[in-house]
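Here the structure is laid out as C-alpha cells; the discussion comes afterwards.
The values are calculated or read from the model by the stated rules, or taken from the named source; none is laboratory data. Note that the structure is predicted; figures quoted are calculated from it, not measured. Cβ sites come from the backbone with ideal geometry, for glycine too, and all protein chains shown count toward neighbours. SASA here: full protein model, heavy atoms, side chains in, ligands and nucleic acids out. Shrake-Rupley method; radii C 1.70, N 1.55, O 1.52, S 1.80 Å.
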Amino acid sequence: MTMDIRLARVDSRLLHGQVATVWTKSVAPNRILIVSDGVAKDTLRKTLITQAAPPGVRANVITIDKMCRIYHDPQFDVFKVLLLTETVEDMVRLVKGGVDLAKVGVGIGSLVFSSGMKMITDSIAVGPQQAAALRYLHDDAGLEVFAQKVPADRKQSLMTLLTKNGF
C-alpha cells in the first residue's frame, strides 16, 4: 500500500479559497500537501499557506525530494492527500521521482501568466516550457491531464487546449 493521493493539482495560487473549501469537500483529504521547494524555504509564505487549511485538515509544505521519499514510506499510508504544486514542472519532478498519479491524473487549476506565454483558458497561461511538461505528463507518464477550476466543472483535456493554441 502507498499514500492515498485523491487529487493532484497544479495551481500557481496553491492553497486558496476554492481549493480549501470546494476541493476539500469533494475529495475529503485528511492532509493537504503543498509540494514546493520555493515555498518550503519561505517561512512567511509557508505560514500563510498552512493557516489557509480548512478545519479538520492539516496542511504541510514540503520539498519535492521529501514528497518523493515519504510517498513510499508505509508510515504515511494513512494520508488521504490533496497534493498541490505551483508549477507543472514540479509535478513532472514528482512523477519522475516515483509518485504514482495514474488513479487521479493531474488537474490544472491556474497557471499565472508571464512574458512569452499564451492564455489557453481564462486562468491557465502556457509557454513552451509548460507545454513540454504537460506533454511529458500525458505522453510519457500516461496520465490524464485536464483543466478544471472546481469539481462541478467538466474536465477539459489539456492536450486539446494545447493543440488548439498552437503548442
- Taking amide H positions as placed in the peptide plane 1.01 Å from N, state which residues far from Ala59 in sequence (5 or more) or on other chains have amide H under 5 Å from it. Ile32
- Item | Residues whose placed amide H lies under 5 Å from that of Leu111, excluding near-sequence neighbours | Ser12, Ile124, Ala125
- Query: Which whole-number percent is the relative contact order of the chain (Cα, under 8 Å, 6+ apart)?
  - Reply: 28
- Global form of region 2-154, assessed from the alpha-carbon gyration tensor, a/c cut-off 1.5: rounded
- Message: Quick check on my link table: of Lys66/Lys164; Lys46/Lys80; Lys118/Lys149; Lys66/Lys155; Lys41/Lys149; Lys46/Lys164, which ones sit more than 25 Å apart, alpha carbon to alpha carbon?
- Response: Lys66/Lys164; Lys66/Lys155; Lys41/Lys149; Lys46/Lys164
- FRET E, pair Thr50, Met119, Förster distance 35 Å, beta-carbon r, rounded to 0.05: 0.70
- DSSP-assigned coil residues among trypsin sites (Lys or Arg not before Pro) in region 67-160, each with at most 14 further Cβ atoms within 10 Å: Lys103, Arg154, Lys155
- Item | Heavy-atom accessible surface of the chain: percent carbon and sulfur, 1.4 Å | 53
- Using a/c under 1.5 as the rounded threshold, could you call region 89-167 rounded, prolate or oblate? The axes a ≥ b ≥ c are square roots of the C-alpha gyration tensor eigenvalues, and prolate needs a/b larger than b/c, oblate otherwise. oblate
